[in-house]
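Encoded as structure tokens, the structure appears first; notes follow it.
None of the figures in this text is laboratory data; all of them are computed from the coordinates on show. Not measured: the values here are computed from a predicted model. Neighbour counts are summed over all protein chains in view; Cβ atoms, including those assigned to glycine, are modelled from backbone coordinates with ideal geometry.
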Amino acid sequence: MNGFYHPGRSLLHRMPAVAKLLTLIVTVTVVAFLRSPEALGIALAVTTLLFVVAGIPPRLALRAVGPVFWVLLIAVPLNGWLVGWDSAVIMALRVVTVVALAGLFTLTTTVSAVLGAVETLLRPLPRVDADRVGLLLALTIRAIPLLSEIVGSVFEARRARGVDRSLRAIAVPVIVRSLQSADELGDALIARGVDD
Amino acid sequence: MGDIRFEGVSHHFGDDAVLRDIDLTLTEQRIGVVGANGSGKSTLVRLVNGLVSPQAGRVLVDGQDVAKHAREVRRRVGFIFTNPDTQIVMPTVREDVAFSLRRLKLPATDAAARVDAALERFGLDALADRAAHKLSGGQKQLLALAAVLVAEPSIVIADEPTTLLDGRNARIVTEYLGSLHQQLIVVTHQLELLEDFERVIVMEDGRVVADDAPGPALELYRAAIR
């Protein structure tokens with residue numbers, strides 16, 4: 001979800017985020033209960049067709065689904081050996097379909113729209129501050145590149161100072177700079193009226 | 001123009017006094033604040049929108065005590081921080097600018113129109129759907145400017161906005177700051193930025209040691225740091 005959105009004007013892009021999120025939840029639940037490889041194969045084919053309908057370039061589609069293949073590389077042989085190869089194929093098809101559906105959702109929905117949808121769905125719940133939950137999600141997503149930059153620059157500094165093997169030389173500055181950034185981000189949020 | 005008053009303001013961090021009995025009235029359109037690191041200049045401007053509360057005295061913005069009406073005051077005071085990375089909240093450029101309008105509860109079409117106008121004004125329209133954290137330092141600071149100005153504050157405070165930028169980007173951000181019609185308070189070490197300002201305040205050890213037109217104030221400051 002971090003800069004993962006692919007702009008477009010397709011039906012999926014224009015579909016309201018709340019409806020899209022609910023459809024995703026229902027579809028993933030249905031896929032989780034499918035037991036036959038044929039049915040799962042059809043679900044995966046339909047999902048692939050939806051990627052085409054949404055105009056998602058194959059490179060981005062692979063980026064969305066690719067990481068799960070590393071997990072399957074271990075999980076499928078293990079499952080095949082312990083439970084049986086039919087079960088391994090069903091598990092692989094199910095996981096790829098679910099991850100592809102989730103990827104399709106993030107590729108066709110802006111983070112604002114996702115947050116808006118989450119807030120809309122949470123609003124009727126008693127004792128849940130939907131705006132705060134939405135902000136929490138936004139900040140969690142934002143923290144990923146921020147932390148990645150901090151770790152990257154600490155690694156560079158560590159190499160420049162020739163202390164490659166010291167764990168402390170990474171952990172201490174990463175923690176200190178993360179806390180400092182959190183403090184600054186807190187100030188920026190207050191300045192931008194988040195406590196209104 | 002806004003009317004910002006500091007009345008007998010003092011502030012400490014632990015045992016260290018960062019501001020000592022400050023009395024100021026700021027009504028000019030463009031005001032610069034200079035001083036060595038630790039002189040209290042950042043704390044001074046943070047008091048204006050309630051990011052810091054004074055331990056003695058009070059700060060008034062257009063007659064409202066910031067300590068008592070911080071939320072109302074913040075709607076009129078936009079704040080640009082030194083590090084644009086820690087001001088970005090949302091993943092894309094457009095979403096981050098739109099984030100500033102959440103508190104105003106505008107109709108979606110009005111909010112979108114204001115966001116588009118802000119993006120265009122700061123030359124970010126072509127980058128609207130880009131990941132905000134992948135922008136260059138200068139672009140990030142322009143995004144911070146757009147995100148502040150889309151809410152149409154009457155006072156803009158910039159705390160060392162060009163410190164982390166290269167010369168070219170610093171010039172671009174400076175030009176945008178110079179074109180603002182709002183009351184502008186800039187904390188900076190780039191003294192040339194302040195030469196056409198109306199007023200410059202020089203801070204030292206938590207006190208105002210000069211408060212004058214840029215010519216004499218900057219001359220005194222340059223002499224002090226030489």
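Observations on the model:
- Region A:48-110 and region B:161-178 have their alpha-carbon centroids 46 Å apart.
- Label-to-label distance, nm, for residues given as residue B:166 and residue B:104 (7 Å Cα→Cβ offset): 3.4
- For region B:23-90, the set of trypsin sites (Lys or Arg not before Pro) satisfying both a DSSP loop assignment and a count of at most 15 other C-beta atoms within 10 Å is given as B:68.
- Counts of other chain beta carbons within 10 angstrom of each beta carbon in peptide A:181-189 average 5.
- Among A:89, A:141, A:194 - extreme Cα towards positive end, dipole of region A:69-196, charges at beta-carbon: A:89
- Mean partner shielding of peptide B:99-107, defined as the number of other chain Cβ atoms within 10 Å of each residue Cβ, is 3.
- Scattering curve values for region A:7-117, log₁₀ I(q)/I(0), Debye with Cα scatterers, q = 0.11 Å⁻¹: -0.37
- Descending by average beta-carbon neighbour count within 10 Å, the peptides A:26-36, A:62-72 line up as A:62-72, A:26-36, the highest first.
- Take every pair of alpha-carbon atoms less than 8 Å apart whose residues are at least six positions apart; their mean separation over the length of region A:33-185 yields a relative contact order of 18 percent.
- For chain B, DSSP calls about 55 percent of its internal beta bridges antiparallel.
- When you count the other C-beta atoms within 10 angstrom of each residue and take the mean per peptide, B:116-128, A:90-102 line up highest first as A:90-102, B:116-128.
- Rg in Å to one decimal, and Dmax rounded to a whole Å, for region A:130-191 via C-alpha atoms: 14.3, 48
- Take each residue in B:74-87, count the other chain C-beta atoms within 10 Å of its C-beta, and the mean is 4.
- Other-chain or far-sequence residues with amide H under 5 Å of residue B:10's (modelled H): B:21, B:22, B:55, B:56, B:57
- Residues whose amide H falls under 5 Å from that of residue B:79, counting only those 5 or more places apart or on a different chain, are B:157, with hydrogens built in the peptide plane.
- Only the Cβ atoms of Lys and Arg (+1) and of Asp and Glu (-1) were treated as charged; on that basis the dipole of region B:85-213 about its Cα centre amounts to roughly 640 debye.
- Kirkwood hydrodynamic radius over Cα pairs of the protein assembly as shown, then Stokes diffusion coefficient at 20 °C and 1.002 mPa s, in µm²/s: 88
- Given charges at beta-carbon only (K, R positive; D, E negative), |dipole| of region A:130-191 in Debye: 380
- Averaging over all projection directions, the Cα-based convex hull of region B:4-225 occupies 12.1 nm² in the image plane.
- Averaging over all projection directions, the Cα-based convex hull of chain A occupies 15.7 nm² in the image plane.
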